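Colleague: For reference, the structure I am asking about is given below.
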């Protein structure tokens, strides 16, 4: 199924939206005061508490927050927390959107070296074949009810040839049966609303050099950091999945190399993800793997040269990953 979203044709896959248990809606309300703007967001306590043991303790434990029904999250933005709320209620979250820059003077040619196999699993729309009878507008399909020897009603298919302009073929269908057939064929389109919601959560491939994907990359990355802090394993996995799918579909225009650099700077900030001596945080591992695969497209960017000169583990991890490219 396809839909138009932000001017693009989007192939829609069926994302199963979770239906919260009714106990969620009868649970007490809990207020989160978010970010420097102190935005108050009130939610059903159970929807949040079930996401991780840490959040369960915060809401239902012996701390003062459980008694007051309110807590403050200074270190998370409103946008990130709302995406978490979407996940808590539905199991998915709305994909961050890019910003559109003024026309860039550089070439529109992409530098990306990504393999064409990245899109091998893309869905395609196939029109189901029709048989000759169904394809012929002069044939009317009629289901006739007949009595068998056992006095049970059975349905048999009868194809009646109706000449153009001739309505005689319909004379044998009773008004009762025709009314029933109209009843059976009624269709209430519930897919339209679902398609809009699904499209908002879909991964979108960039198509212009003016599309700044920094907000998209950092939107997923910030939500990962929030999920890591509160031990929300399912959300961590979902953010990594969406960021991964975005990266492998991402066309690296010359003007967009800085978007990848900003993601690397965020991921390698020790305030966001920890420096691990003998291991690597999952977000860092994804980012450094991608950069290693696309290094030829990125290495001449001033943003990356500056990143290589900064202290920290980025250069170490890049060298370790580069060793895997050496036969």
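Bear in mind these aren't lab numbers, they're just calculated from the coordinates by the rules spelled out. In this text the structure is predicted, and so the values were computed from the model without any measurement. Counting neighbours? That spans all protein chains shown, and the Cβs are built from the backbone with ideal geometry, glycine included.
Colleague: Would you please give the FRET efficiency between residue 42 and residue 207, computed as 1/(1 + (r/R0)^6) with r the Cβ-Cβ distance and R0 = 30 Å, to the nearest 0.05?
Modeller: Once the sixth-power term is evaluated, E becomes 0.15.
Colleague: Which value in nm describes the separation of the simple spin-label points at residue 23 and residue 289, placed 7 Å from the Cα toward the beta carbon?
Modeller: My value for the distance between the label points is 3.7 nm.
Colleague: Take the Cβ-Cβ distance between residue 190 and residue 316 as r, set R0 to 41 Å, and report the resulting FRET efficiency rounded to the nearest 0.05.
Modeller: According to the calculation, E is roughly 0.20.
Colleague: Sort 314, 30 by Cβ crowding within 10 Å, fewest neighbours at the top.
Modeller: 314, 30
Colleague: Separation between the residue 110 and residue 64 pseudo-spin-labels, each 7 Å from Cα along Cα→Cβ, expressed in nm?
Modeller: 5.3 nm
Colleague: Quick check: from the Cα gyration tensor, does the range 188-327 come out rounded (a/c under 1.5), prolate or oblate?
Modeller: oblate
Colleague: Order by neighbour count: 283, 18, fewest other Cβ atoms within 10 Å first, most last.
Modeller: With the sparsest Cβ surroundings first, the list reads 18, 283.
Colleague: Could you line up 319, 104 from fewest to most neighbouring Cβ atoms inside 10 Å?
Modeller: So the ranking, lowest neighbour count to highest, is 319, 104.
Colleague: While we're looking at this one, here's another question. Taking square-rooted eigenvalues a ≥ b ≥ c of the alpha carbon gyration tensor, is the range 14-90 rounded, prolate or oblate, where a/c under 1.5 means rounded and, failing that, a/b exceeding b/c means prolate?
Modeller: oblate
Colleague: Right, here's the next one. Take the Cβ-Cβ distance between residue 269 and residue 97 as r, set R0 to 41 Å, and report the resulting FRET efficiency rounded to the nearest 0.05.
Modeller: Efficiency at R0 = 41 Å is approximately 0.95.
Colleague: Cβ neighbours within 10 Å, averaged per peptide: list 253-259, 182-188 in order, most packed at the top.
Modeller: 253-259, 182-188
Colleague: Taking the Cα-to-Cβ direction at residue 33 and at residue 303 and moving 7 Å from each Cα, how far apart do the two end points lie in nm?
Modeller: 3.6 nm
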